[in-house]
Amino acid sequence: MTDDVVGYEQRGAVAVITLQRPPVNALGQPLRQGIKDRLVEALADGAVQAIVLVGSGRGFSGGADITEFGKTPQAPHLREVIEVAELGSKPVVAAIHGMALGGGYELPLGCHYRIATPTARVGQPEVKLGIIPGAGGTQRLPRLIGIEPALDVIVAGDPVPAPKALELGMIDAIVEGADLTAEAVAYAEGLLSDGKGPRVTRDLTDKIGTADEVAAAFERSRQMIARRARGMRAPEACVEAVEAAITQSFDDGMAKERELFLECVQSDQSAAQRHAFFAEREVAKIPDVPADTPTRTIETAAVLGAGTMGGGIAMNFANAGIPVQVLESSQEALDRGLDLVRKNYAGSVSRGRMTQEKMDAAVGQITGTLDYADIKDADIVIEAVFENMDIKKEVFAKLDATCKAESILATNTSTLDVNEIAAATGRPDKVIGTHFFSPANVMLLLENVRGAASSDETIQTVMQLSKRINKVGVLVGVCYGFVGNRMLHAYSREANFLIEEGALPQQIDKVIYDFGLPMGPFAMGDMAGLDVGWRIRQERAKTHPSNQRYSSIGDRLCEMGRFGQKTSAGWYKYAEGSRTPEPDPEVEELIIGTAKELGIERRDLSDQEILERCMYPLINEGAKILEEGIAMRPVDIDIIWIYGYGFPVYRGGPMFYADLIGTKTVYDVMQRLHETHGELLKPAPLLERLAKDGKGFYDA
Ligand code: NAD
């Protein structure tokens, strides 16, 4: 059995052990057993003087077999396998191509020498799954490369490209030859002829800095965590494990690593992050659209409108190397839009996030026009003009008349009916929604909205295109607000009622921030512009007069000219040129006055009550969306919220979070809220069913 997953051959005095478990040599039990057996065999064989470990297929090893998580671990553990290599009497060389990540890099760390191809990437990405390296990574890496770089690699979790890895000392050499195994054998022979024996990582001490240097490194790492990984346990656990590497013996440090690893791997946070990892892959698969559906090649694109969204959308295409034309209604608007795009790029260059060369290449992909005839051959057109049905229909009729028959016509509308827009064309099968989030060049989510007539080909093409332009595409159906904003609406509606009932914006925003979102609903409203929602409500009131009840305070702020950050006043006030919200007594007065007018007796609200009142209606709306088939699966909702709204990945998205706390808990609170506050908070039938059956959204 192990012969299938591990190859073994002897070349002269060098034994070559090949990991061969496609697709990524995940270190599941059979592979661990095979490597250990072959190491033992090679160490015992008098004709073998050195050993090479190499991977077949796409890389050395992608790390642990994640499907083993949560099950009783089967011997031999990776730690044991690594120990056999490290403590053996013969030099062991790890030869890395593709990737050596997680456990897949901890194994080379326990080898005595590491060589890699120029394109290989190595690292410890465990933290991204809410865990820490568990097979000695936190103990060996600091000894090999020093505390500060080891902290950077382990706490950030980003894979390190070979040239950088060489600079840091994570690998000893880069080899250029096409036959890595031959290179590795030659390297091992070189060691033998130079009389170099095993170099045991656990015994290295020369890279550990002075006490002061070390203290500064830990301090810096903790500051980085506070900024970038707020609320997450695993990054801090990584730091604690690395601390043990300098304050304790190797064996005690390994014990500490194990303890921290177990704490993390059994945590809800890690379960949520692993869920999110798989969910992101899952959303790319559309159950009713076969994966082998033929797609259209997208070689050129056009964007209509160079406003807030259009410019950012065009940048995505340019960044992906797809030439894109931007069409505007006037030269002035076009110039303004393209100028902003250039300024955006220049900002990235000045912040060191992009090279001038890359900027020039991207800007070179974007051209402006006022003439529909210029965009007639575009493979896809994305419309981002004003949010007005009459204008959209007119634009789509014109596009339909001008563009080649194969062009896909997409709309970036956030509230309008994609089917009605499609009906303005003679090719509704080629019409689809592509709902970008603002800022469109930054936000990773792309809510792709399938119309009733959108063809499989159109859907599949746009889902694949999403990936190509570096977005996470999620397919949803047509309804008001689609998935994300419809759920957001339920949440901000309740947040607004809460301030009538007794809370203040700053209290609610703090609860939501502490829960893990980047900001609460009021700070977010000020950032996006309160007038946006105000105008939408006014429009909606015309077409849907029986519109749902909502708190009027937001409208009153707009009537006072308080549109948010752009007017230095909204739910908060802002010092000139500042984006830092400050509580405003004038707003508090307005809130208290409004409550009085409405005859509401304000009361103190606990943080827990606020959290439940905001989050549970959001989940409840998600349940309705699932029932209506607007979202196909709970994963689609979770990914939308993680990538579109900054829902904390360590809570797994709203539907996963609901399962964690229990659908019964959510249902019971909704039931109580329904009794107190009426129809808007009625529990969704799906939520009720799940709660009564003792099931979660992911069991349904
Ligand atoms: P915007 O007002 O900033 O820009 C619209 C642009 O379209 C303007 O530059 C205008 O000159 C141009 N335009 C108008 N009519 C045109 C026509 N007939 N032909 C060509 N250009 C025309 O608006 P925006 O915020 O960029 O929104 C655009 C679309 O994106 C809307 O449908 C909106 O609902 C949607 N959307 C906006 C956001 C957001 O946060 N702003 C987010 C998601 C989706």
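Here are the numbers for the structure shown:
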quantity	calculated
Every pair of residues 6+ apart whose Cβ atoms lie under 7 Å, when the first sits in region 322-339 and is within 19 Å of Ile382 (Cβ to Cβ) while the second is near the ligand (Cβ under 7 Å from one of its atoms) and assigned to a helix (DSSP H, G or I)	Val326/Gly310; Val326/Gly337; Glu328/Gly337; Gly337/Gly310
Residue within region 458-474 that is assigned to a loop (DSSP other than H, G, I, E, B) and modelled with pLDDT under 95 present	no
Some residue of region 381-395 being among the aliphatic types (A, V, I, L, M), within 26 Å of Ala541 (Cα to Cα) and open to solvent by 50 Å² or more (accessible area, probe 1.4 Å)	yes
Any chance Val478 is within 16 Å of the ligand (Cβ to nearest atom) and either open to solvent by 20 Å² or more (accessible area, probe 1.4 Å) or not in a helix (DSSP H, G or I) (or both)	yes
Region 170-186: number of residues that are among the β-branched types (Val, Ile, Thr) and under 11 Å from Val54 (Cα atoms)	2
Residue satisfying all of: in region 406-416; more than 8 Å from the ligand (Cβ to nearest atom) and not β-branched (Val, Ile, Thr); surrounded by the most Cβ atoms within 10 Å (Cβ to Cβ) among these	Ala410
Residues (open to solvent by less than 70 Å² (accessible area, probe 1.4 Å) and among the charged types (D, E, K, R)) located in region 44-79	Asp45, Asp65, Glu68, Arg79
Members of region 113-136 that are free of Cβ contacts under 8 Å to residues at least 60 places away in the same chain and either open to solvent by less than 10 Å² (accessible area, probe 1.4 Å) or in a loop (DSSP other than H, G, I, E, B) (or both)	Arg114, Ala116, Pro118, Thr119, Val122, Gly123, Gln124, Ala135
Scan of region 182-236 for residues that are among the β-branched types (Val, Ile, Thr) and in contact with a Lys or Arg (Cβ under 6 Å, 6 or more places away or on another chain), ordered by number	Val185, Thr201
Entirely in region 481-575, the helices (runs of 4 or more DSSP H) that have 2 or more residues that are open to solvent by 20 Å² or more (accessible area, probe 1.4 Å) and of a type in the set (A, V, I, L, M)	521-528, 530-543
Unique match (being surrounded by 18 or more Cβ atoms within 10 Å (Cβ to Cβ) and either in contact (Cβ under 8 Å) with a residue 12 or more places away in the chain or farther than 24 Å from Pro125 by Cβ (or both)) among Ile174, Ile154	Ile154
Residue that is surrounded by the fewest Cβ atoms within 10 Å (Cβ to Cβ), among those in region 439-455 that are within 13 Å of the ligand (Cβ to nearest atom) and assigned to a loop (DSSP other than H, G, I, E, B)	Val442
Residue match in region 379-392 (condition: of a type in the set (Gly, Ala, Ser) and either on the phi > 0 side of the Ramachandran plot or more than 11 Å from the ligand (Cβ to nearest atom) (or both))	no
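Yes/no per residue for (1) in contact with a helix residue (DSSP H, G or I) (Cβ under 7 Å, 6 or more places away or on another chain); (2) within 11 Å of the ligand (Cβ to nearest atom); (3) polar (S, T, N, Q):
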site: Lys376; (1), (2), (3): yes, no, no
site: Asp400; (1), (2), (3): no, no, no
site: Lys404; (1), (2), (3): no, no, no
site: Ile421; (1), (2), (3): yes, yes, no
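The values are calculated or read from the model by the stated rules, or taken from the named source; none is laboratory data. What you see is a predicted model; the values in this text were computed from it and never measured. Positions of Cβ are backbone-derived with ideal geometry, glycine not excepted, and every protein chain shown enters the neighbour counts. For accessibility, only protein heavy atoms count, side chains too; no ligands or nucleic acids. Shrake-Rupley method; radii C 1.70, N 1.55, O 1.52, S 1.80 Å.
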